[in-house]
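K.L.:
I have a structure here, written as structure tokens, and I will follow up with some questions on it.
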Amino acid sequence: MKNSSNRLLELDVLRGLAALGVLCFHFTTRYTELFSPQTPALFRFPYGQNGVQLFFMISGFVIFMTLDKTKRPLDFIVSRFSRLYPCYWVAIILTFTIIRVFNLPGRETSLTQAAINMSMFQDWFHIKRVDTVYWTLTVELSFYLVMLLLFATRQLKHIESFGLAWLILMVWSDDRILWLTHFRIPEWLSVSGLLTYGHLFLAGIFFYNLKTKGNAWYRHAGLALCLVVQYMFRADTAGPLLAAGFFLIFYLFIMGKLTWIVNRPMVFLGTVSYSGYLIHQNIGYIIIRHLYSIHANAFLRFIVPTICSLLLATAITYGVEKPAMTYIRQKYKIWKQRKLVNL
């Protein structure tokens, strides 16, 4: 496939595979744990949840690349708003309505809670999420705000030094060290999730600089430190090993060795991945519960909600996400042009 829009299609494919991994985890291992511990799923896929690690690394790479080409803070704000919010609002309305109509025990929210979720800041207000997958959006938004602040204060040129300081802060925030020092982490910083996942965004930034600014030893050292932090925050061995695998994939990507994964089905999967991630979990659980009630087999209990999620994701992506993003960005472009004329 030709890359006519200057997008890095390999990253789109990786994003799609990460979203698919999370979906497989939710529709097999997680559903069984929550609702049907006595009935085995089609297969177990516990490490599919680690797909969010790959999400965060991709975001670190892409957001820094975006800011590297951005002229004004408002350009970045409009770009992110148009990309995230219209699709997110539709996902909230759809998920909230379907849960209200068909019921999903333990996942109900009030209308007020759903309205606050519209802001995407529900975690800072300690409001229940309409869908628990939204926790990653809190981490993403926190990262965007930090990057926007660095961009607005013209400090992005020092991002690698800042990243090293952040990794040290992450190590310092480890419970074992906090117990010795009696240092207290501010609540807002804990809620942001950046003390748990910040190293993954930083890894994406280090990889971007390796690809665009040169093969410096300290960038490889920074990536090694990111892996050390990953090991500290994951007691199991699989988490760090999977993260190391993601780092290897990124090394292959920046060396141009991943072009073979780019094909139309995989790019399509990446294109609908954001919408699919937002709507798959609770709606999928409701579909699986219904299939259990009619004694459908394990294969149908997996494949039917997966197909429904892909169909919904496709409809939202092409019916809402892309048109809304184009509309908002065009309106913003016209507003900027008028502003220049009036100067």
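The values are calculated or read from the model by the stated rules, or taken from the named source; none is laboratory data. Remember, it's a predicted structure, so these values are computed and weren't measured experimentally. So basically every Cβ, Gly included, is an ideal-geometry build from the backbone, and we count neighbours across all protein chains shown. Heads up: the accessible areas ignore ligands, DNA and RNA and are worked out on the full protein's heavy atoms, side chains in. Shrake-Rupley method; radii C 1.70, N 1.55, O 1.52, S 1.80 Å.
K.L.:
Checking residue 275 against (1) in contact with a Cys (Cβ under 6 Å, 6 or more places away or on another chain); (2) open to solvent by 40 Å² or more (accessible area, probe 1.4 Å), which single condition isn't satisfied?
P.N.:
Status for residue 275: all satisfied but (2).
K.L.:
Something else now. Considering only the stretch 333-343, I want to know if a residue exists there that is part of a helix (DSSP H, G or I) and under 26 Å from residue 92 (Cβ atoms).
P.N.:
No, the stretch 333-343 contains no residue that is part of a helix (DSSP H, G or I) and under 26 Å from residue 92 (Cβ atoms).
K.L.:
What tally of residues in the stretch 199-236 results from selecting those that are under 24 Å from residue 255 (Cα atoms), in contact with a helix residue (DSSP H, G or I) (Cβ under 8 Å, 6 or more places away or on another chain) and in a helix (DSSP H, G or I)?
P.N.:
The number of residues fulfilling the criteria is 23.
K.L.:
Considering only residues that are of a type in the set (Asp, Glu) and surrounded by 20 or more Cβ atoms within 10 Å (Cβ to Cβ), look in the stretch 93-139 and name the one that is modelled with the lowest pLDDT.
P.N.:
My answer is 123.
K.L.:
Looking at the stretch 333-343, can you tell me whether even one residue there is under 28 Å from residue 134 (Cα atoms) and open to solvent by less than 70 Å² (accessible area, probe 1.4 Å)?
P.N.:
Looking through the stretch 333-343, none of the residues is under 28 Å from residue 134 (Cα atoms) and open to solvent by less than 70 Å² (accessible area, probe 1.4 Å).
K.L.:
All but one of (1) touching a Leu at 6+ places or on another chain (Cβ under 8 Å); (2) closer than 30 Å to residue 74 by Cα; (3) open to solvent by 50 Å² or more (accessible area, probe 1.4 Å) hold for residue 225, so report the exception by its number.
P.N.:
Status for residue 225: all satisfied but (2).
K.L.:
Next up: Looking only at the stretch 252-284, count every residue that is under 20 Å from the mean Cα position of the chain (by Cα) and part of a helix (DSSP H, G or I) and tell me the total.
P.N.:
Here the count works out to 19.
K.L.:
Right, here's the next one. From 294, 288, 303, 316, which residue is surrounded by fewer than 19 Cβ atoms within 10 Å (Cβ to Cβ) and under 26 Å from residue 87 (Cα atoms)?
P.N.:
Of the residues listed, the single one that is surrounded by fewer than 19 Cβ atoms within 10 Å (Cβ to Cβ) and under 26 Å from residue 87 (Cα atoms) is 303.
Matching residues to (1) open to solvent by 70 Å² or more (accessible area, probe 1.4 Å); (2) modelled with pLDDT of 95 or more:
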residue	(1), (2)
147	no, yes
150	no, yes
166	no, no
178	no, no
184	yes, no
196	no, no
203	no, yes
206	no, yes
210	no, yes
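K.L.:
Hey, another quick one. Among the residues of the stretch 277-310, what is the count of those that are under 24 Å from residue 15 (Cβ atoms) and of a type outside the set (A, V, I, L, M, F, W, C)?
P.N.:
Qualifying residue count, the stretch 277-310: 9.
K.L.:
Scanning the stretch 252-272 for residues that are without any contact (Cβ under 8 Å) to a residue 12 or more places away in the chain and over 30 Å from residue 86 (Cα atoms), which turns out most open to solvent (accessible area, probe 1.4 Å)?
P.N.:
Only one residue tops the list, namely 260.
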